[in-house]
Amino acid sequence: MKAECIKMGINGEGIAYIDKTPVFIPGLLPGETAEIEITEDNRSFKRGKAVRIIRRSPHRRKPASEEEYLSGGAELAILDYEQQLYWKTALLEEALWKYGHVNRKLVRAMHASPSPTAYRNECKLPVGLKDGKLVMGLYKTGSNHFIPVTHFSTHTKELEEIRLQVLEILQRSKLKPFDIKTGHGLRFVVIRCIQGQCQLTLVTGKDQLSQTLIDELAGIAQMRTVAQSINDRRKTTGIFGSTKILAGDETIRIELHGLKLQLSVESFFQMNTEQAEQLYGMVIQKLDPCDHLFEGYCGIGTMSLMAKDKARKVTGAEFSEQAVINAKANAEMNRVPNVTFVCADSAEAFRNAGKARAVDCVLVDPPRSGMDDNMISALLGSKVKRIVYVSCNPATLGKNLKELKKAYDIRTVIPYDMFPDTPLVEAVCVLERTGGR
């Protein structure tokens, strides 16, 4: 069967139409024609695979890491970068229109990543065996099929060098991949490298790591922390379990926009450091000077601290206790007296903050699931004049905006390419209460 790819899907797959029914075809680029085979046939859509490409796109390229691409870790690595930016913008516009009826004209030009490759400062990799040797890799998207990856083109040079050193040491150890029956073994290797400082966490079952192994890992140049996180649960959606520091410091300290920040091994931090600096700068630029600024889902408090001169008082809320510990320490370390952090659900914290002192500006950076109904209800019932919403998921952003439009006008949507070679899009959305200020 022959099919022509018309556009790109939200997961980076090609979309063709057969008898007006969409067919999702991984690895096929817009403008390409291929012989395809239908692998799944549903009422409203089909899935297929390209057997032979008849007409190739002039924008197709060879991926820098074939293994990473085939595993689904870099779905757009076969498309040149300018075209990636074009299609990511189109995906954002389509999702916002589909889920929130947001005018496409409000979406600005995509901000390209300063580094289109080798940008990730962190990896969280499962392990397996290949020819009897321990290897790192990825699970193929949507499956439990492990694919060994020898080279990650998305990792910074620093991260990739440290990863290979860690792997060499682990291969000499007696650790084996996690066995769900015994609850023992190595499950994930988590490494973060920022500004010449590295943190390593081995996620294991009920294993006691030898002091020899710990010392070898701690001896790697730039290694500041070696930790173990015990996660022996049979079924788990998360990576970390109960975490303890085995060697080195509990945190690393980095600098961003003149701020000193400390990060524990489990604290969230943007994986593309250079692009994060640019995105954060835009967020602060879009905040109006105000009396009381509230930030929901504040993580380690980076944006709240950057916004210290935008408001007389800043309140940041985060559900992760460890992140709030980091945030409070960051406020103290930077001597910022007008910023406070609370460990609480963002909607609850927002309502409590408003009781003590009216909130007139809100900043939110929720997870991929977006803001929940309680947070949206709290915003709609408030008198907040401006919302700056940082999103990592166009679909949930569109759904949230559909509700927020009941009381707010969308002023602009500014996209950032935080993850080159993937279909993921980050965006800064600015809203103002209907009727002006």
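Structure notes:
- Cα centroid of the stretch 344-413 to Cα centroid of the stretch 189-267, whole Å: 33
- Structure-derived P(r) over Cα pairs in 10 Å bins from 0, in percent - corresponding label in (i) 4, 19, 27, 26, 18, 5, 0; (ii) 5, 23, 33, 24, 11, 4, 0; (iii) 4, 21, 30, 25, 14, 4, 1, 0: (i)
- Square roots of five times the Cα gyration tensor eigenvalues for the stretch 345-418, Å: 21, 13, 12
- Ordered from longest to shortest, the equivalent ellipsoid semi-axes for the stretch 1-134 are 26, 23, 15 Å, each the square root of 5 times a Cα gyration tensor eigenvalue.
- Under 21 Å from K406, Cα to Cα: lysines that are on another chain or at least 8 residues apart: K98, K105, K383, K385
- Phi to ³J(HN,Hα) by Karplus 6.51 cos²θ - 1.76 cosθ + 1.60 over the stretch 208-214, Hz, x for Gly, Pro: 9, 7, 5, 5, 4, 5, 4
- Placing unit charges on the Cβ atoms of the charged side chains and taking the dipole of the chain about its Cα centre, the candidate lying farthest along the positive direction among L209, I252, F419 is F419.
- Cross-link pairs beyond the 27 Å C-alpha cut-off, checked among K235/K260; K2/K402; K124/K176; K133/K181; K88/K124; K46/K405: K235/K260; K2/K402; K46/K405
- Convex hull per residue volume in Å³, alpha carbons only, for the stretch 1-60: 72
- Dipole size of the stretch 64-166 about its Cα centre, with +1 on Lys/Arg Cβ and -1 on Asp/Glu Cβ: approximately 380 debye, rounded to the nearest 20.
- DSSP-defined beta bridges in the chain - what % are antiparallel, rounded to 5: 70
- For the chain, calculated [θ]222 nm from helices alone, where every DSSP H run of n ≥ 4 adds -39500 (n - 2.57): -8000 deg cm²/dmol
- With Cα atoms as the point set, the stretch 122-255 shows a radius of gyration and Dmax of 14.1, 44 Å.
- Local electrostatic count at T422 - Lys and Arg +1, Asp and Glu -1, tallied over other residues with Cβ under 12 Å: -3
Readers should treat all values here as calculations from the given coordinates under stated rules, not as data from a laboratory. Small disclaimer: the values here were computed from a predicted structure and weren't measured. Because the Cβ atoms are built from the backbone with ideal geometry, glycine has one as well, and the counts that use them run over all protein chains shown.
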